[in-house]
Amino acid sequence: MKKLIYICLLLLFSLYSFSCSKSEKSDFLFEPAVPLGDPFILLYEGTYYAYGTNAENGIEVYTSDDLRYWSKSNTLALKGEDSWGGRWFWAPEIYYIKDKKKFYMYYSANEHICVATSDSPLGPFLQEPKTPMLASEKAIDNSLFIDNDGTAYLYFVRFNNGSAVWSAQLAADLKTINDNTLKQHIVVSQEWEKVWGLVNEGPFVIKHNNLYYMTYSANSYESQRYGIGLATASSPTGPWTKYAGNPILQLPADLVGVGHNALFLDKEGKLKIVFHAHHNKDSIHPRAMYIADVSWTTDAVPLMKISSEIIRPKIKRK
């Protein structure tokens, strides 16, 4: 009898251990990283929206209340059939323009810069007309900056002298480039940028204390030493001076291949940076989205300081 009781207890313990093990494994399996390269986060009416490079046939969108757990929308924010190009949908940035009551998505398709609009941050975004912003040449990584006086600038990357960052003013429709204002800003010039290729890309511009700050990425995105640099200017049209202490983010903690960032304010009005990193030290893809706090130094020319504490967003379990 005692032997039978012992066997029953042993079976119950085994079943309990299996159940716990299965539960822990499920928790792990159902909380993967958010698989976005070139990520961008928009805060609109209390909800965070994340977009990035991942889908083959358009642009995905995820939503979150806390930046840590995200839910993927059942539909693409931008579908391939609603855009020019048909492939390589990269690096979307989305802005709500109040006076137009529209959301504008700036993105790359088939290595050309494009813009699409929508009435909702979830989409559908439509490109009208279906032509690139620079129809005559390849360009990527277009990013919008509107100055205090209302002048709109588009920063982007042209494939000349390697990959170089340029800008141009936009017309009132925020879709048309004024060709007479095209201007080159930065090219590979610092030693840390010369690991792999001639690459300065992913520009993002903000204004702080009447000074303009450009973050950008350098080295091929395939390199584990892909990283983020900083440049400053007294005008949105430059000239831009790269920070001598660059890079401001490279190989943080256990991450490699970090770069192509955007900056945003969270619900408390605190500045944050979102960027991607390689899947791990052995594989580039799928890249994942990461977030960190940004503060300003007390130098005569304040510089961005990125926190070593990194948020590692997960997909929320359903």
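The values are calculated or read from the model by the stated rules, or taken from the named source; none is laboratory data. Only a predicted model underlies this, so the values are computations on that prediction, with no experimental measurement involved. Using ideal geometry, Cβ is built from the backbone for each residue, glycine included, and neighbour counts are taken over all protein chains shown. Side chains are part of the model used for accessible areas, which takes the heavy atoms of the whole protein and leaves out ligands, DNA and RNA. Shrake-Rupley method; radii C 1.70, N 1.55, O 1.52, S 1.80 Å.
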Scope region 272-294; condition open to solvent by less than 30 Å² (accessible area, probe 1.4 Å) and among the aliphatic types (A, V, I, L, M); matching residues: 273, 274, 277, 288, 289, 291, 292, 294
Tally, over region 175-198, of residues that are among the aromatic types (Phe, Trp, Tyr) and assigned to a loop (DSSP other than H, G, I, E, B): 1
Residue 110 being without any contact (Cβ under 8 Å) to a residue 12 or more places away in the chain, among the polar types (S, T, N, Q) and open to solvent by 10 Å² or more (accessible area, probe 1.4 Å): no
Failed item in (1) surrounded by fewer than 18 Cβ atoms within 10 Å (Cβ to Cβ); (2) assigned to a loop (DSSP other than H, G, I, E, B), with residue 256 passing the rest: (1)
Test: residue in region 306-316 that is in contact (Cβ under 8 Å) with a residue 24 or more places away in the chain and under 23 Å from residue 165 (Cα atoms): yes
Leading residue by the ranking (least open to solvent (accessible area, probe 1.4 Å)) among those in region 181-198 that are of a type in the set (A, V, I, L, M) and in contact with a Phe, Trp or Tyr (Cβ under 9 Å, 6 or more places away or on another chain): 186
Test result for residue 172, of a type in the set (A, V, I, L, M, F, W, C) and over 16 Å from residue 303 (Cβ atoms): yes
Residue match in region 298-308 (condition: over 18 Å from residue 50 (Cβ atoms) and surrounded by 18 or more Cβ atoms within 10 Å (Cβ to Cβ)): yes
Scope region 294-305; condition touching a residue at least 60 places away in the same chain (Cβ under 8 Å) and assigned to a strand (DSSP E or B); matching residues: 296, 304
Residues within region 29-49 that are surrounded by fewer than 24 Cβ atoms within 10 Å (Cβ to Cβ) and of a type in the set (A, V, I, L, M), tallied: 4
Hits in region 199-215 - residues which are surrounded by 16 or more Cβ atoms within 10 Å (Cβ to Cβ) and either touching a Phe, Trp or Tyr at 6+ places or on another chain (Cβ under 7 Å) or outside any strand (DSSP E or B) (or both): 200, 201, 202, 203, 205, 206, 214, 215
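Per-residue answers, yes or no, for (1) assigned to a loop (DSSP other than H, G, I, E, B); (2) farther than 30 Å from residue 234 by Cα; (3) open to solvent by less than 10 Å² (accessible area, probe 1.4 Å); (4) touching a strand residue (DSSP E or B) at 6+ places or on another chain (Cβ under 8 Å):
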{"site": "63", "(1), (2), (3), (4)": "no, yes, no, yes"}
{"site": "71", "(1), (2), (3), (4)": "no, yes, no, yes"}
{"site": "103", "(1), (2), (3), (4)": "no, no, yes, yes"}
{"site": "129", "(1), (2), (3), (4)": "yes, yes, no, no"}
{"site": "136", "(1), (2), (3), (4)": "yes, yes, no, no"}
{"site": "142", "(1), (2), (3), (4)": "no, no, yes, yes"}
{"site": "150", "(1), (2), (3), (4)": "yes, no, no, no"}
{"site": "156", "(1), (2), (3), (4)": "no, no, yes, yes"}
Any pair with Cβ under 8 angstrom, 6 or more apart, that starts in region 75-97 at a residue that is over 16 Å from residue 42 (Cα atoms) and ends at one that is open to solvent by 30 Å² or more (accessible area, probe 1.4 Å) and charged (D, E, K, R): 80/87; 83/130; 84/130; 87/56; 88/111; 89/56
